[in-house]
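Scroll down for the structure; my scribbles are underneath it.
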Amino acid sequence: MGGRAILVVSSGLVHPSHAARLAFAAVVRGASAVPPEFRASTRAFRLLDPARHAAAAVFFHSKSIEARDVAALEEFVDAGGGLFALHGALASFKDEPHWAALLGAAFAGHDRPALLAAGPSADPGPFEGIPAFAVTDELYQIRAVGPIVARFAAIIARGGAAAVPILWTRAHGRGRVCCCTLGHAAPTLRHATVQRILERALAWVSGTGEVPRGA
């Protein structure tokens, strides 16, 4: 991640669960050369400084956000910072169009937790070399509101909804945005392949470049 930290904004006791948040925090710490900074409120977006932070990572589920907080995050990403959004963060702030525009997609509902079969797209980009996997989680439905590049998609393994993106990347200004819909419960975030995805996502939004072929 270079010499700059990742600012992690995460909160919740039930959704996301405390155990899930701890699992994600462990991945961030393991992937970071510089100790990450942890905050519970989106007001922390006002602290984002390109000289100090490589990226922001968000894992929460909340109904509202102050306009100035969204604006601060947008400004940071537009100037070249990164943003990684995980699970419930994608279903947050449904009445804030700037949030969906930043992520590139709006939340459109989800099924009950089920066994999902997930696999890479034809263009996995920075996730090249990560194999298909199965995990029990919620399958989020999304509605693209801007250009996104799907990197992984999933279906309900025992039949049901058509395959939908569960991981995508996009550019926002000079910055990088990556979103992952998985993460309903801690076991998902402890899954070895999911952890590889999270590590790659954090590296990519932090600007370390595409992962070489075969890596």
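The values are calculated or read from the model by the stated rules, or taken from the named source; none is laboratory data. Everything numeric here is computed off the predicted structure, so don't read it as measured data. Here Cβ is always computed from backbone atoms with ideal geometry, including for glycine, and neighbour counts include all displayed protein chains.
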Inset, instruction - Please determine, by comparing only the residues of segment 30-46 that are hydrophobic (A, V, I, L, M, F, W, C) and surrounded by 15 or more Cβ atoms within 10 Å (Cβ to Cβ), which one is nearest to residue 96 (Cα to Cα). - result: 45
Inset, instruction - Filter segment 149-162 for residues that are crowded, with 20+ Cβ neighbours inside 10 Å and either over 15 Å from the mean Cα position of the chain (by Cα) or aliphatic (A, V, I, L, M) (or both) and give the result. - result: 150, 154
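Would you confirm, using the coordinates I've provided, whether residue 95 is exposed (fewer than 15 other Cβ atoms within 10 Å of the Cβ), in contact with a His (Cβ under 8 Å, 6 or more places away or on another chain), farther than 26 Å from residue 187 by Cβ and of a type outside the set (Gly, Ala, Ser)?
No: the conditions fail for residue 95.
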Legend entry - Residue in segment 10-29 that is small (Gly, Ala, Ser), assigned to a strand (DSSP E or B), under 18 Å from residue 103 (Cβ atoms) and modelled with pLDDT of 95 or more present: yes
Legend entry - Output for segment 94-105, where each listed residue is closer than 23 Å to residue 15 by Cβ, under 15 Å from the mean Cα position of the chain (by Cα) and not in a strand (DSSP E or B): 99, 100, 102, 103, 104
Legend entry - Exclusive hit being within 17 Å of the chain's Cα centre (by Cα), outside any helix (DSSP H, G or I) and surrounded by 16 or more Cβ atoms within 10 Å (Cβ to Cβ), set 118, 108: 118
Inset, instruction - Would you point out the residue of segment 61-87, among those that are outside any helix (DSSP H, G or I) and farther than 17 Å from residue 205 by Cβ, that is farthest from the chain's Cα centre (by Cα)? - result: 66
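Results for (1) among the β-branched types (Val, Ile, Thr); (2) in contact with a strand residue (DSSP E or B) (Cβ under 9 Å, 6 or more places away or on another chain); (3) touching a residue at least 12 places away in the same chain (Cβ under 8 Å), shown as yes or no for each residue.
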{"residue": "60", "(1), (2), (3)": "no, yes, yes"}
{"residue": "71", "(1), (2), (3)": "no, no, yes"}
{"residue": "78", "(1), (2), (3)": "no, yes, yes"}
{"residue": "98", "(1), (2), (3)": "no, no, yes"}
{"residue": "115", "(1), (2), (3)": "no, yes, yes"}
{"residue": "125", "(1), (2), (3)": "no, yes, yes"}
{"residue": "128", "(1), (2), (3)": "no, yes, yes"}
{"residue": "149", "(1), (2), (3)": "yes, yes, yes"}
